[in-house]
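Here is the structure we will look at.
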Amino acid sequence: MAKLASYRAKRDFTRTSEPKGKATRHKGSSFVVQKHAASRLHYDFRLELDGVLKSWAVAKGPSLVKGEKRLAVHVEDHPLDYADFEGLIPEGQYGGGTVLVWDRGIWEPEGDPHDGYDKGRLTFRLDGEKLHGTWHLIRMAKRPRERQEAWLLIKADDAYARAENDPDILEEAPLSVKSGRSIEEIAPSPTAKAAVKRKAASKKPAASSSKKSASPAKRTTAAKATKASDVEVAGIPLTHPERVLWEEQGLTKQALAEFYADIADWLLPHLVNRPLTLIRCPSGAQKKCFVQRHSWAGMNPAIHRTMVPDKPSKLEVLTVSDIQGVIALVQSGVLEMHVWGATLADLERPDRLIFDFDPGEGVEWRQVIEGAFAIRERLKVLGLVSFLKTTGGKGLHVVVPLKPKAPWKEALAFTRSMAEAMAKDEPDRYTTTSVKNERQGRIFIDYLRNNREASAVAPYSTRSRPGAPVATPVAWDELTPGLKPNGFTVENLGVRLAALRQDPWAEIAKVDQVLPDVKRTKRTSQKKGA
């Protein structure tokens, strides 16, 4: 009760719909970032610790630029159920304005989080829908007459960090991860309305300029030309089919659509009815790309929007059910399709686990191969069959199919115990932290993909990387130094599939196995390392 005394004292719960909440003994690791259009637009950054949400108001919002410092003012603890709050706080109430759930996921501290919090230096890893990798929260020295602690939120230098000239994540992904709505769509606040007016005013001169706007006749001619050049693939119209998506290869939108249509029988079993996380690159792989998890204006009906339970409310997810849905994604500039480890039939229980072997600088390809074989053998000891996939990047995915019986919490605990056992047994080879400095010469075993809303690149999806690589299922006996993680591409995958005698993943849907007991797994790992 005392933990939330300040929170409750500042609010009149007969007027505001914010949750009254209560502190609990629940030991979780959630985080949430809420976009808050109050007297000034800011972002509320919250980490779950000791049954409450430790909270900081970040004036400019989080930055993905490595080393960039963002002021984070420490505010009162919030109840856990505040993480789901989205709506309007009435004017005159504390924090009056619109609140949007901008990002959420889980956080993993390095070392003891209580010790780090007390000392004013927290280092942790985020696995959210928008924010990933390692971050620092550092408390600054208190100044005279300063009522609230000032901290700094800083992105660490890791694989998820961006350079100064890269796109700003706040502009790139402004919508709610809960509802897919904007601040204005949720409940326009005075701050939000003013921002919209300023934005509209700034666009008026350009719109009214006769030099920059085409005449009606020219616009009609241009529209006819575009329409005339449209083509259809699998019954889905493609506008600008000639648009080049991978410049070096000269691969166009039409070529990508036809590629997927040709491999539909291989692709769809691993994609249909699984919630999607999409990487959209409308102008091509070398241009601006952004993450999309929710519906957008003008979305083709072949891409399905479903509201699924997400306690205490609902969450919008996107899925496809056929090749028409995939081609509709291509039309919308999607270059990567990532999927959940569960299907719409049972989102609370995974049917596939992922061990992601991501090599740091200085790691040879043969070491990644050895790591994949090592986890395969550990899984065999537990009676689990596993499958293999190149990622189209630098690493490998080892995939464990399951009957969907165990909940996500147990799936995460199991994969974590396996990854940590490998890191403990061979600390010079493996690590379970994504911090760049600690990954030098080691393989990061990413087990955090085994969360309800986490995702991994779908088998046979392209990647928005040079060379138009494709994430590709392979057989274990193909895993040799001659196989490359980005060796299969849009240009050569068809030849591979035509030459295969059998689908390497032909049996993945037929495997009848369930998650072993986590405690038994830990004892086995400790015994092997003894």
| task | Looking for whichever is farther than 23 Å from residue 6 by Cα and loosely packed, with under 14 Cβ neighbours inside 10 Å here; the options are 164, 146. Which one fits? | result | 164
| message | Please go through (1) polar (S, T, N, Q); (2) at pLDDT below 95; (3) over 30 Å from residue 133 (Cβ atoms) for residue 450 and return the number of the only condition it doesn't satisfy. | response | (3)
| Flag if residue 126 is open to solvent by less than 30 Å² (accessible area, probe 1.4 Å), in a strand (DSSP E or B) and closer than 17 Å to residue 77 by Cα | no
| query | Does the stretch 20-50 hold any residues that are touching a Pro at 6+ places or on another chain (Cβ under 9 Å) and either among the basic types (Lys, Arg) or under 14 Å from residue 95 (Cα atoms) (or both), and which are they? | reply | 20, 22, 35, 37, 39, 43
| Residues of the stretch 53-109 satisfying the condition of being more than 21 Å from the chain's Cα centre (by Cα), closer than 19 Å to residue 137 by Cβ and acidic (Asp, Glu) | 68, 76, 77
| request: Among the residues of the stretch 343-358, write down those that are open to solvent by less than 10 Å² (accessible area, probe 1.4 Å) and touching a strand residue (DSSP E or B) at 6+ places or on another chain (Cβ under 8 Å). | output: 353, 355, 357
| Does residue 67 satisfy being touching a residue at least 40 places away in the same chain (Cβ under 8 Å), under 18 Å from residue 177 (Cα atoms) and not charged (D, E, K, R)? | no
| So, of the residues in the stretch 471-490 that are touching a helix residue (DSSP H, G or I) at 6+ places or on another chain (Cβ under 9 Å) and open to solvent by 50 Å² or more (accessible area, probe 1.4 Å), which turns out to be nearest to residue 379 (Cα to Cα)? | 480
| note | The residue from 432, 415 that alone is closer than 23 Å to residue 134 by Cα, in contact with a helix residue (DSSP H, G or I) (Cβ under 6 Å, 6 or more places away or on another chain) and modelled with pLDDT of 90 or more is 432
| request: Determine the pairs where a residue that is closer than 13 Å to residue 334 by Cβ and outside any helix (DSSP H, G or I), located within the stretch 256-282, has a partner that is among the polar types (S, T, N, Q) and open to solvent by 10 Å² or more (accessible area, probe 1.4 Å) with Cβ atoms under 6 Å apart, the partner being 6 or more residues away or on another chain. | output: 277/455; 278/292; 279/464; 280/292; 281/464
| query | Can you find even one residue in the stretch 302-322 that is aliphatic (A, V, I, L, M), without any contact (Cβ under 8 Å) to a residue 60 or more places away in the chain and touching a Gly at 6+ places or on another chain (Cβ under 6 Å)? | reply | yes
| If residue 46 satisfies every condition in (1) under 25 Å from residue 167 (Cα atoms); (2) open to solvent by 10 Å² or more (accessible area, probe 1.4 Å); (3) of a type in the set (Lys, Arg) but one, which is the exception? | (2)
| field | Within the stretch 359-378, tally of residues that are of a type in the set (Gly, Ala, Ser), farther than 20 Å from residue 412 by Cα and open to solvent by 20 Å² or more (accessible area, probe 1.4 Å) | value | 1
| Output for the stretch 300-321, where each listed residue is modelled with pLDDT of 90 or more, among the hydrophobic types (A, V, I, L, M, F, W, C) and crowded, with 16+ Cβ neighbours inside 10 Å | 302, 303, 317, 318, 320
| field | First in the stretch 409-425 and under 15 Å from residue 454 (Cα atoms), second anywhere and of a type in the set (Val, Ile, Thr), Cβ under 6 Å, 6 or more apart | value | 413/518
| Restricting the stretch 229-255 to residues that are assigned to a helix (DSSP H, G or I) and free of Cβ contacts under 8 Å to residues at least 40 places away in the same chain, the residue that is surrounded by the fewest Cβ atoms within 10 Å (Cβ to Cβ) | 229
| query | In the stretch 454-470, what count of residues is obtained for those that are among the β-branched types (Val, Ile, Thr) and either out of contact with any Ser or Thr (no Cβ under 8 Å at 6 or more places or on another chain) or open to solvent by 10 Å² or more (accessible area, probe 1.4 Å) (or both)? | reply | 1
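The values are calculated or read from the model by the stated rules, or taken from the named source; none is laboratory data. This is a predicted model, so every value here is computed, not measured. In this analysis, Cβ positions are derived from the backbone assuming ideal geometry, glycine residues included, and neighbour counts consider all displayed protein chains. Note: areas computed on protein heavy atoms with side chains; ligands, DNA, RNA excluded. Shrake-Rupley method; radii C 1.70, N 1.55, O 1.52, S 1.80 Å.
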